[in-house]
Each structure stands twice: as structure tokens, then as C-alpha cells.
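See below for the structure under consideration.
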Amino acid sequence: MRRTLAPAVLALTLSLASAAGAQQPAPANEDSLRADRARHVAAIREAIKGRENLPGDSVFKNLKMLGSVPADRILRMMEMGYSPALGVSCDHCHVVDEWDKDDKKEKQVARGMADMVRTINTELLRNIQGIKSGNPSVNCRTCHQGTARPGARQGQ
């Protein structure tokens, strides 16, 4: 009995540890998404050439958040942060080449989620007793882990 119980406990422990925070593998199409994001970002960088270090709200239209962040940093945040955290490319939230439009509900959801993350990081986490991290925080990847729908399996 002991010989069969130990492997089962080990398998369960590894499964729980994996579910509790191990990073999920990147989606199979991540390379094509990365190339697509890079293409869009390169075109935008070309369009804002000479204004990369200006505040985003003086470079981009209809910027509702991150306005004081330099324009090039916003592009890096989208390309290397938001998009891969959700396993998507730019067209998931944006109308390509009409970046200022609010036509897609995903863009509105992303803004709401960013507000949620800000609230969690600035108000809620600091009030939880016993957190060992000096500066605990969450971000998009914390829940999304490379998928557009948190908790969804690839292809759902």
C-alpha cells in the first residue's frame, strides 16, 4: 500500500504546485504573434519618430491611461507586457491603423482590468497581513498566463 501511495501523493503535490503558480508554456502560435506585434510596433515607431520620449498623451490620440509615460515605453509595454500576457496581438484590443478608436469591447475590458490591477496593487495587497514580499504586486500575467480568458485552456 505504501509503495502505491507515495507516487500518488508525489503526483498530486506536483500537480498542485504546477497549478498554483508554475508558468504555463507559451501558446503554440506565440512566434507568429510576436512577429505580428513587432510589425505593428515598428510601423508605429516609424510614425512617431522624433517623439518617442514625449509623454504618450502628447503623441497618441485617445490615450485614457499611461498618459505621462513616454510613447516608446508604452509601445514596449504593449508589445512585451500586455499582449504576451494575454497571448494575443495588437488587433485583439485595437482597430489596426486606427489605434485611437474605441470600437472593440476588448479595449474597454483591458482598461477596466488595468484599473482593477492598480486597485489590487495600491490598496488591497498592502492591507493583507502576513505577506512576506516587501512589495507584493499582480499584473496581467498573474491570472491570464498567456491566454485571453483567465483559467481557459488553449483553444477555448
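Every residue, every condition in (1) at pLDDT 95 or above; (2) surrounded by fewer than 16 Cβ atoms within 10 Å (Cβ to Cβ); (3) within 28 Å of residue 59 (Cα to Cα), yes or no:
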| residue | (1), (2), (3) |
| --- | --- |
| 100 | no, yes, yes |
| 105 | yes, yes, yes |
| 125 | no, yes, no |
| 129 | no, yes, no |
| 134 | no, yes, no |
| 146 | no, no, no |
| 151 | no, yes, no |
| 156 | no, yes, no |
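Which members of region 79-90 meet the condition of being in a helix (DSSP H, G or I) and in contact (Cβ under 8 Å) with a residue 12 or more places away in the chain?
Going residue by residue through region 79-90, those that are in a helix (DSSP H, G or I) are 79-86, 90.
Once the filter is applied, which keeps residues that are in a helix (DSSP H, G or I) and in contact (Cβ under 8 Å) with a residue 12 or more places away in the chain, region 79-90 yields 79, 81, 82, 83, 84, 85, 86, 90.
Do we find a residue being in contact (Cβ under 8 Å) with a residue 24 or more places away in the chain, of a type in the set (Gly, Ala, Ser) and in a helix (DSSP H, G or I) anywhere in region 104-127?
yes
Scan region 60-78 and report the pairs whose first residue is closer than 15 Å to residue 108 by Cα and whose second residue is assigned to a loop (DSSP other than H, G, I, E, B) and not polar (S, T, N, Q), with Cβ atoms within less than 6 Å and a gap of 6+ or a chain change.
62/100
Identify, by number, the condition in (1) over 24 Å from residue 31 (Cβ atoms); (2) in contact with a helix residue (DSSP H, G or I) (Cβ under 7 Å, 6 or more places away or on another chain) that residue 130 doesn't meet.
The failed condition is (2).
How about region 45-66: which of its residues are of a type in the set (Gly, Ala, Ser) and surrounded by 14 or more Cβ atoms within 10 Å (Cβ to Cβ)?
Step one: of region 45-66, the residues of a type in the set (Gly, Ala, Ser) are 47, 50, 56, 58.
Correct list: 56 only.
Out of (1) under 29 Å from residue 32 (Cβ atoms); (2) assigned to a loop (DSSP other than H, G, I, E, B); (3) without any contact (Cβ under 8 Å) to a residue 40 or more places away in the chain; (4) touching a helix residue (DSSP H, G or I) at 6+ places or on another chain (Cβ under 8 Å), the odd one out for residue 98 is which?
With (1) under 29 Å from residue 32 (Cβ atoms); (2) assigned to a loop (DSSP other than H, G, I, E, B); (3) without any contact (Cβ under 8 Å) to a residue 40 or more places away in the chain; (4) touching a helix residue (DSSP H, G or I) at 6+ places or on another chain (Cβ under 8 Å) applied to residue 98, the lone miss is (4).
What residue, of 42, 71, 26, is small (Gly, Ala, Ser), modelled with pLDDT of 95 or more and either surrounded by 13 or more Cβ atoms within 10 Å (Cβ to Cβ) or in contact with a Leu (Cβ under 8 Å, 6 or more places away or on another chain) (or both)?
Details: 42 fails: either surrounded by 13 or more Cβ atoms within 10 Å (Cβ to Cβ) or in contact with a Leu (Cβ under 8 Å, 6 or more places away or on another chain) (or both); 26 fails: modelled with pLDDT of 95 or more.
So the residue among 42, 71, 26 that is small (Gly, Ala, Ser), modelled with pLDDT of 95 or more and either surrounded by 13 or more Cβ atoms within 10 Å (Cβ to Cβ) or in contact with a Leu (Cβ under 8 Å, 6 or more places away or on another chain) (or both) is 71.
The values are calculated or read from the model by the stated rules, or taken from the named source; none is laboratory data. As the structure is a computational prediction, the values presented were derived from the model and not from experiment. Cβ coordinates were reconstructed from backbone atoms using ideal geometry, including for glycine residues, and neighbour counts include every protein chain displayed.
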